[in-house]
Number of protein chains: 4
Amino acid sequence: MVRVGIMNVTGYAGAELARLLYAHPEAQLSSVSGRSAAGKTLAEVFPHLASYDLTIGEELGEVDFAFSALPHAASAEAVAPLVRDGVPVVDISADFRLRDAQEYARWYGVEHAAPELLSRAAYGLTELNREAVRSSRLVANPGCYPESALLALAPAVKGGIVGPELIIDSKSGVSGAGRAVGLAYHFAEANESVSAYGLGGHRHLPEIVQELAAMWPRRVGEEPDTQPIVTFTPHLIPMTRGILSTCYATLVAGTVRSGEEALDLYREFYKGEPFVRVVDSPPATKQVSGSNMCLVYPTVDPRTERLVVVSVIDNLVKGAAGQAIQNMNAMLGLPETAGLETPAVYP
Amino acid sequence: MVRVGIMNVTGYAGAELARLLYAHPEAQLSSVSGRSAAGKTLAEVFPHLASYDLTIGEELGEVDFAFSALPHAASAEAVAPLVRDGVPVVDISADFRLRDAQEYARWYGVEHAAPELLSRAAYGLTELNREAVRSSRLVANPGCYPESALLALAPAVKGGIVGPELIIDSKSGVSGAGRAVGLAYHFAEANESVSAYGLGGHRHLPEIVQELAAMWPRRVGEEPDTQPIVTFTPHLIPMTRGILSTCYATLVAGTVRSGEEALDLYREFYKGEPFVRVVDSPPATKQVSGSNMCLVYPTVDPRTERLVVVSVIDNLVKGAAGQAIQNMNAMLGLPETAGLETPAVYP
Amino acid sequence: MVRVGIMNVTGYAGAELARLLYAHPEAQLSSVSGRSAAGKTLAEVFPHLASYDLTIGEELGEVDFAFSALPHAASAEAVAPLVRDGVPVVDISADFRLRDAQEYARWYGVEHAAPELLSRAAYGLTELNREAVRSSRLVANPGCYPESALLALAPAVKGGIVGPELIIDSKSGVSGAGRAVGLAYHFAEANESVSAYGLGGHRHLPEIVQELAAMWPRRVGEEPDTQPIVTFTPHLIPMTRGILSTCYATLVAGTVRSGEEALDLYREFYKGEPFVRVVDSPPATKQVSGSNMCLVYPTVDPRTERLVVVSVIDNLVKGAAGQAIQNMNAMLGLPETAGLETPAVYP
Amino acid sequence: MVRVGIMNVTGYAGAELARLLYAHPEAQLSSVSGRSAAGKTLAEVFPHLASYDLTIGEELGEVDFAFSALPHAASAEAVAPLVRDGVPVVDISADFRLRDAQEYARWYGVEHAAPELLSRAAYGLTELNREAVRSSRLVANPGCYPESALLALAPAVKGGIVGPELIIDSKSGVSGAGRAVGLAYHFAEANESVSAYGLGGHRHLPEIVQELAAMWPRRVGEEPDTQPIVTFTPHLIPMTRGILSTCYATLVAGTVRSGEEALDLYREFYKGEPFVRVVDSPPATKQVSGSNMCLVYPTVDPRTERLVVVSVIDNLVKGAAGQAIQNMNAMLGLPETAGLETPAVYP
């Protein structure tokens, strides 16, 4: 059994890692840290994890593999020594997602604590970056919104069927904001309400742009640096878990002309993937709640020749902890589905 | 007092009309119909309307003004004789929204029951069509989605600051689906879930396109029939009331360059309007719940030179019953705000 | 117009007072205070109150009538000088509900700031205490739970049909916890969950006991101090507004034997009351949302000869701000229904 | 592997059985039936079960073990031939819960279809009836409310610390009403509302009474047929999953005097039970969502000498499908926890 540790187990992503690892056949959660709750048992903080007999420490004990669910900046600082010690790490924070330390500083308002590690980190969207993940000891787990948007758009972008004008309209449950309290997340404020936020530029935007740009097809004679032109609008909706992203793009003339053709392209692209299922009717977030599945529905608006792709994930699983375990599995040479096979909890 | 009748009071729009009319200083609800509940009192069907002493009839009694909350097709049939008898009517159904009977037949799958009245009907988005509403005896109340989208886009379109490529991504509470039961609206299915629907073409799309096309600026030398190219995606989200529409458009170069400029243009456009408020931060549907207000937030995405406009309404008030009463007020020469001044119910 | 002030307008009860006063025909909100938001406009803090043109002050300006929505202890301190100056006050805090300063200190953990005023305060459950309210200049607005429980039990207790063994099981929406943030009220924690709290003794218990004891019938030869034996369990349920209380009592043999007889007694008791309606089927909180109504459903469990009474209110209206305005109306000799007649917002 | 079948897989209990069996190490779902959906694949009806490759049949195929999730009456009819053929069955319907066919007819309004099997059925609340379940081939799975109430009250009743006067106030999520549509379960009606129902006598009442009476301690000289006097009030609250029951009883003088003593008695009673955890603070349904756990919190109201016990379960798991699998495990000599060990999904 691989001895696994979770840094900052006291947030939602950390707790979700612990929940999912409980069923993992090859890994055992052996150490958890979290400063605010250090000294308490995991069961005291999270009654649903009462089956664990673990005490939360100030720091991680000795482990074979570590997840960091620390906030950005704190995470890079804590991850760096582990990486230097040869402990493979999946970092759920934003710290190793952007490859450019200056871009990181611009969006996160703080200097990167370990810029020398940036080049060693793989972007952990396993389906799109499997080989890099497998061979890396440091994996940056994607943001929840990028996860949903990139899985929705990758087949179209890599297939060369859409132009660079992209609009991503995402709807997220409130757990995406984390376990910290705030008036906007008060039940009486968030319930029976929907709102947009981050219109001036959400931190997941540069991550989405970076990854889309990296996958953009280079054609002979084309400018090498075609940049996708992305507008990304996240919305807060009154539910606990789930992200639905609706992605709009203009079809390149002469490529795909119908929903059926789009479905074929998407099915081919994700053939054999255990955690992405291309569906032929609009999916609902409830269909993936609690599971590591992503459902993707591509369609064509015949009146406008636009591609519209809808994807759904559970933001805490495929958008965080489940994706992280999938990455761990890939890094350790385990079956990618280990510990992640339970169906969604519906209704 | 104007004696007012509601046809098909037993749906959500009908009940909401009755709720709002209770506080109207110049109008009195004097007759209600609804076949399935004929013979029952209004209080039996709707305990919150127990202050009324009205029995639901098969047909309306004698009234000075009528609202139809009947389903489409049935509505045109019931409205036609009233119009012929000179009773002013606001029709909340879709029957008189599309000006072209063939377009109506295409989208609604049924021949129009009173095509001869189409030319006499005014499209009842009062803020955009006040004079026509005032002088008409038959007003087609807008669909809830068009209401939210048109108020969001009108200043930009009429101001000539956006190109014809438009994307409207709308999020609606479940009451928009009406009071009829269905598995998709079962609490256990709709709660904790979000989904897109109508991707193949929602019936509110032609209404949106018709009205946007009508307001499109005609420039000298321009093709007269520039058509907006609209993709409209409605989403069902787990709340009872409210619609938030996020609208995306490309700015015409050299017009508006910043959020501040967009705000100025929008404020000027809606100056003096009692029910549209231009706000300088993203609004939430809860801020208008139960009220006839529409909040509009225009902003510019500086990275992409796109205009993004967010609007929120209560789908049953500004998106249905409140807008209908506003139209009645305009038609009868009453202050437009009569009966509609109560603030939103928050939280 | 009566010039009205609200102290601590920034909580949910304060904001609800402002909402309801907007429609009041005889009173005008002319001054609002709230230390944390002093200097801001009311519209900045509460977008749904944008129709007001008021700035929040550190202290109230000159008013003819004052509401205090301050927390306990702070309220008594702020109310005392107003009372001394002859300004009539309704205090929404708990400070003047318990008649005994020692009992107050025991439950609230603080000495009472104005014990000399306790004997001058009327308990403001208008339906049960109308004359005292009318003749008082200081009214203690009931707690939301006591409001729902006392209206449910008063006819039975005063009618002498139940013994002293009483169980009150209440279910409240999250707005009852106020606008302050806390992990228990985080959407992701409160949503999709129900829990009991206050089992060791909730602060509304002594208030309930005090009022029930005061209304207990004294029979010849009976011990004068028969005390009701009350267990009260509040529950937090995933909704914003509303309280439903289910009250259980043992019927005195030979009094009421059926649900019909209980209904008759209750109907007689509340005859003519504008804000309490006795209903003959189980009510739902949604039927009173946003309104000042209380629905009461008494029934008899024939297998056990127990009386079971279910009541529903909107905790922010009949359980706070609406009840407070009803009290103001009674104190000022206005019609009790002034400003409170709008129907519930349903669905 | 045990080949398992589910009759009527298309309801929520049936679907939940399929979800949980997916992770079962010793059992394999091999046949599913459901008339309305016969011919469709399981994945078509339930996208979250897409990992199964099963087609829904009119009838079950050959299986080693069967679950019936049919409605009452239909279930007894379908179960009888299986029992006669020697196939062990857990019946999730109500058909074999009441031991008395006349009592069954009285409450369910239909003659029992297989009264000769009633004496062979064990009541499947494993924790309280383990030996009978183990040795039976036909197990009646408890109703969801009785499950929560009996686990809350059994230690007190069997321990002889409470008198026969019992009040059970239960709060259930909407999935308890099943997957059939109905206005009361429409999102717009059920959301933001709580209501009581079944006040005239819910069908789970006789089941609760029967099981409490059976466990009632018989003391020397006592009347042999002391009957618990139970009032049971279910409430519908706006969440999908979960039941919280608050149970009230009068303590027998001289037995338990404090919450600590109650906790000790309860802990001793449930010692070693994998699915019942006695907790020392009030639990929330979210803490067991998706899992087979029942949390029980006993406390003493010192002012009234009443025992108050709060229990929480997931109505679809411990209240239906999980309990059924636990029973299957016991019947087949498997570890009772097989397939049921995953933690709750929180938040």
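Take C:LEU334 and tell me if it is of a type in the set (A, V, I, L, M, F, W, C) and part of a loop (DSSP other than H, G, I, E, B). Here the answer is yes, as C:LEU334 does meet what is asked. Scanning the stretch A:280-312 for residues that are of a type in the set (A, V, I, L, M) and not in a strand (DSSP E or B) returns A:VAL288, A:MET293.
Inside the stretch A:269-294, can you point out the residues that are aliphatic (A, V, I, L, M) and either out of contact with any Ser or Thr (no Cβ under 7 Å at 6 or more places or on another chain) or farther than 30 Å from B:ILE229 by Cα (or both)? Correct list: A:VAL276, A:VAL278, A:VAL279, A:VAL288, A:MET293. Cβ contacts < 6 Å: first residue within 10 Å of chain A (Cβ to nearest Cβ) and closer than 25 Å to A:ALA190 by Cα, restricted to the stretch B:283-308; second residue assigned to a strand (DSSP E or B) and of a type in the set (S, T, N, Q), any location; separation 6+ or different chain. Result? Final answer for the pair search is B:ALA284/A:SER195; B:VAL308/B:THR299.
The rows are residues; the columns are (1) β-branched (Val, Ile, Thr); (2) free of Cβ contacts under 8 Å to residues at least 12 places away in the same chain.
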{"residue": "A:LEU151", "(1), (2)": "no, no"}
{"residue": "A:GLY173", "(1), (2)": "no, no"}
{"residue": "A:ALA188", "(1), (2)": "no, yes"}
{"residue": "A:GLU192", "(1), (2)": "no, no"}
{"residue": "A:HIS204", "(1), (2)": "no, no"}
{"residue": "A:MET215", "(1), (2)": "no, no"}
{"residue": "A:ILE229", "(1), (2)": "yes, no"}
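Of all residues in the stretch A:226-246, one or more are surrounded by fewer than 19 Cβ atoms within 10 Å (Cβ to Cβ) and at pLDDT below 95.
Within this structure, B:VAL308 fails the test of being surrounded by fewer than 24 Cβ atoms within 10 Å (Cβ to Cβ) and more than 20 Å from the chain's Cα centre (by Cα).
Scanning the stretch A:97-134 for residues that are among the small types (Gly, Ala, Ser) and in a loop (DSSP other than H, G, I, E, B), which turns out surrounded by the most Cβ atoms within 10 Å (Cβ to Cβ)?
A:GLY124
Annotation note: of A:VAL79, A:VAL90, the sole residue that is under 23 Å from A:ALA13 (Cα atoms), part of a helix (DSSP H, G or I) and not small (Gly, Ala, Ser) is A:VAL79. Scanning the stretch D:316-339 for residues that are polar (S, T, N, Q) and either outside the structural domain of D:TYR22 (by TED's automatic domain parsing) or surrounded by fewer than 24 Cβ atoms within 10 Å (Cβ to Cβ) (or both) yields a count of 2.
Okay, residues lined up against (1) surrounded by fewer than 23 Cβ atoms within 10 Å (Cβ to Cβ); (2) within 30 Å of A:SER119 (Cβ to Cβ); (3) within 13 Å of chain D (Cβ to nearest Cβ); (4) modelled with pLDDT of 95 or more:
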position: A:GLY5; (1), (2), (3), (4): no, yes, no, yes
position: A:THR10; (1), (2), (3), (4): yes, no, yes, yes
position: A:SER68; (1), (2), (3), (4): no, yes, no, yes
position: A:ASP85; (1), (2), (3), (4): yes, yes, no, yes
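Looking only at the stretch C:36-72, residues that are touching a helix residue (DSSP H, G or I) at 6+ places or on another chain (Cβ under 7 Å) and assigned to a loop (DSSP other than H, G, I, E, B) come to 8 in all.
Only one of the listed residues (A:VAL279, A:VAL252) is more than 10 Å from chain B (Cβ to nearest Cβ), closer than 29 Å to A:ALA338 by Cα, surrounded by fewer than 23 Cβ atoms within 10 Å (Cβ to Cβ) and at pLDDT 95 or above. That residue is A:VAL279. Just one of the listed residues (B:GLY178, B:GLY182) is small (Gly, Ala, Ser), away from chain A (no Cβ under 13 Å) and touching a residue at least 12 places away in the same chain (Cβ under 8 Å), and it is B:GLY178. Evaluating A:ALA338 against the criteria (1) of a type in the set (A, V, I, L, M); (2) within 12 Å of another protein chain (Cβ to nearest Cβ); (3) touching a His at 6+ places or on another chain (Cβ under 9 Å) leaves one unmet condition, (2). Scanning the stretch B:285-333 for residues that are within 23 Å of B:GLU26 (Cβ to Cβ) and of a type in the set (Ser, Thr, Tyr) yields one hit, B:SER291.
On the stretch given as the stretch D:185-213, residues that are away from every other protein chain (no Cβ under 12 Å) and touching an Asp or Glu at 6+ places or on another chain (Cβ under 9 Å) total 2. In the set (1) crowded, with 24+ Cβ neighbours inside 10 Å; (2) away from chain D (no Cβ under 14 Å); (3) within 27 Å of D:GLU305 (Cβ to Cβ); (4) of a type in the set (Gly, Ala, Ser), C:ALA154 fails one condition alone, (1).
Against the conditions (1) under 25 Å from C:GLN326 (Cβ atoms); (2) under 17 Å from the mean Cα position of the chain (by Cα), C:THR233 satisfies every one except (1). Checked against the criterion of being aromatic (Phe, Trp, Tyr), within 14 Å of another protein chain (Cβ to nearest Cβ), in contact (Cβ under 8 Å) with a residue 40 or more places away in the chain and surrounded by fewer than 24 Cβ atoms within 10 Å (Cβ to Cβ), the candidates D:TYR270, D:TYR346 yield just one match: D:TYR270.
The values are calculated or read from the model by the stated rules, or taken from the named source; none is laboratory data. Because the structure is predicted, anything quoted here is derived from the model rather than measured. Here Cβ is always computed from backbone atoms with ideal geometry, including for glycine, and neighbour counts include all displayed protein chains.
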